[in-house]
Amino acid sequence: MKKINIICAGKLKEKYFVDAIAEYQKRLTRYCNLDIIQLPDYPDLADAVKREGKLMLAYTGKGYCIALDSRGKALTSEGLSQSIDHAYLSHSEISFFIGGSQGLCDTVKSATHLSLSFGLMTYPHQLMRVILAEQIYRAFCITNGTPYHK
């Protein structure tokens, strides 16, 4: 079974975000195992990005790694689907990295295979998890030809 990780800073507190993630995890069970790895965040500290990055670096050593970064490469849903398929040709798992409220550490970005942008707008990092989970589900639906993606 394919494996996808979402490594992120902070825990989801809002029930509607937790429920949305759980829904996409359930839908994805036919395609992959989706694990959400929630690391501590340090929103009130000046060196928050560095501290969060140090924790995330421990997860960059295996699998295909994708950093979410507004300055990264913008892909269509079909493009993301192709990128995921291509990554599985040489890796057994894929990890996505989402920084905390102050962003993602440059060290983590440089340790990944791809920097991915979801556009020039800024999203709350908690909401970004839901958006990413939905796009991962959409990518698998595109690959498998299911009618979810129109």
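The values are calculated or read from the model by the stated rules, or taken from the named source; none is laboratory data. Quick caveat, the model's predicted, so the values are computed rather than measured. Virtual Cβ from ideal backbone geometry, glycine too; neighbours counted across all protein chains shown. Protein only, heavy atoms only, side chains kept; ligands, DNA and RNA dropped before computing areas. Shrake-Rupley method; radii C 1.70, N 1.55, O 1.52, S 1.80 Å.
The figure for Lys11 is an accessible area of roughly 140 square angstrom, using a 1.4 Å probe on the protein chains alone. When the pairs Lys11/Lys109; Lys11/Lys50; Lys26/Lys109 are compared against a 24 Å limit on Cα-Cα distance, Lys26/Lys109 fall above it. Sparsely packed loop sites in the range 58-108 (the chymotrypsin sites (Phe, Trp or Tyr not before Pro) outside DSSP H, G, I, E and B with at most 12 other Cβ atoms within 10 Å) do not occur. Against the empirical 2.2 N^0.38 Å (N residues), the chain has a Cα radius of gyration ratio of 0.99. Computed over the range 12-86, the alpha-carbon pair-distance distribution with 5 angstrom bins reads 3, 11, 14, 20, 24, 20, 7, 2, 0, each value a whole percent. By the helix-only formula, in which each DSSP H run with n ≥ 4 contributes -39500 (n - 2.57) and the sum is divided by residues, the chain has a 222 nm mean residue ellipticity of -13000 deg cm²/dmol.
Against the chain, whose longest principal axis is taken from its Cα atoms, helix 15-28 shows a tilt of about 40°.
For the chain, the longest principal axis of the C-alpha atoms and the axis of helix 77-90 are separated by about 90°.
Take every Cα pair under 8 Å whose residues are at least 6 apart in sequence, average their separation, divide by the length of the chain, and the relative contact order is 32 percent.
Positive end of the dipole of the range 1-72, charges at C-beta (+1 Lys, Arg; -1 Asp, Glu), about the Cα centre: which of Tyr31, Ile66, Met56 has its Cα farthest in that direction? Working it through, the farthest residue towards the positive pole turns out to be Tyr31.
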